[in-house]
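I have placed the structure first, in the form of structure tokens, so that the comments after it can refer back to it.
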Amino acid sequence: MERRRLGNSGLFISRIGLGTMTWGRDTDEHEAAEQLRVFLDNGGNFIDTAAVYGDGDSERTLGGFIGTLVQRDEIVIATKAGISFKTGERKVDNSRASLLGDLDRSLARLGVDHVDLWQVHTWDENVPLEETLSALDYAVSSGRTSYVGISNFTGWQTARSITLQNPLFNKAPIISSQNEYSLLKRTVESEVLAATTALNVGFLVWSPLGRGVLTGKYRNGIPSDSRGASPHFSSFIEPYLNARSTKIVEAVSVAAEGLGYSPLEVALAWVRDAAGVTSSIIGARTGAQLRGAMTSEEISLPTQVRAALNEISA
């Protein structure tokens with residue numbers, strides 16, 4: 001699998017990343033191990049998790065594979081901090097103490113002394129940005145992480161954060177931004193991607209398959225074994241089950257049929273090769289699904305097909 005430089009750093013990651021949001025909850029240890037084997041066998045090295053995923057179970061599951069299924073130096077581990085559900089409701093806390101506490105707990109669950117990329121999971125309007133960024137500086141200087149990034153920031157938030165973390169001022173540079181991006185969700189193109197490209201920062205994509213809708217699995221309703229039918233994810237999928245999405249999914253399906261590919265391969269290849277994208281993170285339900293996603297590495301969309309998809313999803 002092709003590996004790309006993440007921003008202006010010395011870190012090279014596979015252009016398809018392995019998402020682990022469901023590990024330890026909807027994906028048991030056996031199935032997670034199968035996904036990891038498929039991913040590694042196909043040349044992947046970039047694995048994305050977060051402190052909040054499964055209330056830490058995602059990190060615990062991944063940590064259990066290090067030293068058995070995979071050696072630490074064979075993978076790039078990225079995790080995130082700042083979101084919790086301690087009271088049953090979503091809470092964002094990007095204070096220095098909270099972020100660093102999250103990081104220490106992540107390291108303990110993963111069973112490692114450092115992660116390769118540590119990201120602020122989302123913006124916190126209640127904490128000064130300078131305080132949040134000071135946690136990034138300390139995480140790097142203390143050896144807890146090699147690099148730092150941000151996630152789910154808007155365009156101005158992204159540009160402001162990257163500018164404040166200028167290494168000329170002895171700051172830990174932000175090397176990546178992670179946001180949702182797909183044929184169903186292209187809003188990042190106007191500002192976020194423009195900022196990361198101009199400032200030479202890597203761009204990581206979550207949900208490149210439109211939360212699974214672009215695979216075509218919801219064309220005739222919601223399958224009982226799909227995430228759309230899951231109590232954890234139904235509200236996550238529902239916003240993309242509308243008329244606009246249906247039109248785009250049909251276009252992807254027509255393109256896939258004409259090229260002899262699956263809709264998944266077409267949708268993933270579109271994001272993977274979009275300008276400014278470093279890596280697209282895939283979260284599969286099963287090893288078989290992930291194996292299907294890995295086949296997209298072998299294809300490239302014709303210019304005419306990409307242009308047609310751009311137009312219909314604009």
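The values are calculated or read from the model by the stated rules, or taken from the named source; none is laboratory data. Not measured: the values here are computed from a predicted model. Backbone-built Cβ (ideal geometry, glycine too); neighbour counts: all protein chains shown.
Anything in the range 1-25 that is of a type in the set (Val, Ile, Thr) and in a loop (DSSP other than H, G, I, E, B)? List them, or say none. Reasoning before the result, please.
In the first step, residues of the range 1-25 are kept if they are of a type in the set (Val, Ile, Thr); the result is 13, 16, 20, 22.
Matches in the range 1-25: Thr20, Thr22.
Of everything in the range 1-48 that's in contact (Cβ under 8 Å) with a residue 40 or more places away in the chain and of a type in the set (Val, Ile, Thr), which residue is surrounded by the fewest Cβ atoms within 10 Å (Cβ to Cβ)?
Of everything passing the filter in the range 1-48, Val38 is surrounded by the fewest Cβ atoms within 10 Å (Cβ to Cβ).
Which of the following residues is farther than 17 Å from Asp48 by Cβ, buried (at least 23 other Cβ atoms within 10 Å of the Cβ) and either in contact with a strand residue (DSSP E or B) (Cβ under 6 Å, 6 or more places away or on another chain) or of a type in the set (A, V, I, L, M) (or both): Leu136, Leu100? Write out each step before concluding.
On the way: Leu100 fails: buried (at least 23 other Cβ atoms within 10 Å of the Cβ).
Result of the check over Leu136, Leu100: Leu136.
On the basis of being modelled with pLDDT of 95 or more, touching a Lys or Arg at 6+ places or on another chain (Cβ under 7 Å) and among the polar types (S, T, N, Q), does Ser14 make the cut? Break it down into steps so the answer makes sense when it comes.
On the way: modelled with pLDDT of 95 or more: yes; touching a Lys or Arg at 6+ places or on another chain (Cβ under 7 Å): yes; among the polar types (S, T, N, Q): yes.
In short, yes.
Can you give me the number of residues within the range 161-182 that are farther than 13 Å from Val120 by Cβ, without any contact (Cβ under 8 Å) to a residue 40 or more places away in the chain and not in a loop (DSSP other than H, G, I, E, B)?
Adding up the residues that qualify gives 5.
Hey, does the range 84-95 have a residue that's touching a helix residue (DSSP H, G or I) at 6+ places or on another chain (Cβ under 9 Å), surrounded by 18 or more Cβ atoms within 10 Å (Cβ to Cβ) and among the hydrophobic types (A, V, I, L, M, F, W, C)?
No, the range 84-95 contains no residue that is touching a helix residue (DSSP H, G or I) at 6+ places or on another chain (Cβ under 9 Å), surrounded by 18 or more Cβ atoms within 10 Å (Cβ to Cβ) and among the hydrophobic types (A, V, I, L, M, F, W, C).
Looking at the range 185-192, is at least one residue part of a loop (DSSP other than H, G, I, E, B), more than 20 Å from Asp48 (Cβ to Cβ), modelled with pLDDT of 95 or more and of a type outside the set (S, T, N, Q)? Explain how you work it out, then say what you get.
At the first step, the residues of the range 185-192 found to be part of a loop (DSSP other than H, G, I, E, B) are 186, 190-191.
After this cut, where a residue has to be more than 20 Å from Asp48 (Cβ to Cβ) as well, the list is 186, 190-191.
Checking which are modelled with pLDDT of 95 or more leaves us with 186, 191.
Imposing the further condition that a residue be of a type outside the set (S, T, N, Q) reduces the set to 186, 191.
Yes, because at least one residue in the range 185-192 is part of a loop (DSSP other than H, G, I, E, B), more than 20 Å from Asp48 (Cβ to Cβ), modelled with pLDDT of 95 or more and of a type outside the set (S, T, N, Q).
Take the conditions in a loop (DSSP other than H, G, I, E, B) and surrounded by 18 or more Cβ atoms within 10 Å (Cβ to Cβ) and apply them to Ala78. Does it pass? Steps first, answer last, please.
Working: in a loop (DSSP other than H, G, I, E, B): no; surrounded by 18 or more Cβ atoms within 10 Å (Cβ to Cβ): yes.
No; evaluated as a whole, the condition is false for this residue.
Could you grab me the full set of residues in the range 39-59 that are at positive phi, modelled with pLDDT of 95 or more and out of contact with any Lys or Arg (no Cβ under 7 Å at 6 or more places or on another chain)?
Narrowing the range 39-59 to residues at positive phi: 43, 54-56.
With the extra rule that they be modelled with pLDDT of 95 or more, the set shrinks to 43, 56.
Within the range 39-59, just Gly43 meets the criteria.
Keeping to the range 137-153, report how many residues are among the polar types (S, T, N, Q) and farther than 19 Å from Thr278 by Cβ. Let's see the steps before the verdict.
Restricting attention to the range 137-153, the residues satisfying the condition of being among the polar types (S, T, N, Q) are 141-142, 145-146, 151-152.
With farther than 19 Å from Thr278 by Cβ added as a condition, the list becomes 141-142.
Within the range 137-153, residues that are among the polar types (S, T, N, Q) and farther than 19 Å from Thr278 by Cβ number 2.
So, of the residues in the range 60-69 that are touching a Lys or Arg at 6+ places or on another chain (Cβ under 8 Å) and not small (Gly, Ala, Ser), which turns out to be nearest to Lys91 (Cα to Cα)?
The residue in question is Arg60.
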